[in-house]
Amino acid sequence: MEAQGYSLKDNVIYQDNKSAILMEINGRNSYTGNSRHINMKYFWIKDRVNNKELRIDYLPTHIMLVDYYTKTLRK
């Protein structure tokens, strides 16, 4: 965003899955028996969190407005 001329004061990613937040922040330390198959190359977000380039905050699903626009309407 900065390369396109926008200044960022705080780069936040909102997540509604607390287990995913733990894996994104702690990396391999959050692995359990069921998640050990996940390859570390998918943890590039953890590198961004460690470098203080972004922050991950919890936001409940019913508050996330983007979900209303990405889900199909039920009849």
Non-local residues with an amide H under 5 Å from the amide H of LEU59, with H modelled 1.01 Å from N and Pro and chain starts lacking one, are GLN15, ASP16
Mean Cβ-within-10 Å packing, highest first, puts peptides 13-24, 50-61 in the order 13-24, 50-61
Filtered hits (aspartates and glutamates, Cα-Cα < 16 Å from LYS46, offset >= 8 within chain) -> GLU24, ASP57
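Read-outs throughout are calculated quantities, based only on the coordinates presented, and are distinct from any laboratory measurement. Everything numeric here is computed off the predicted structure, so don't read it as measured data. Every residue, glycine among them, receives a Cβ derived from its backbone with ideal geometry; neighbour counts consider all protein chains shown.
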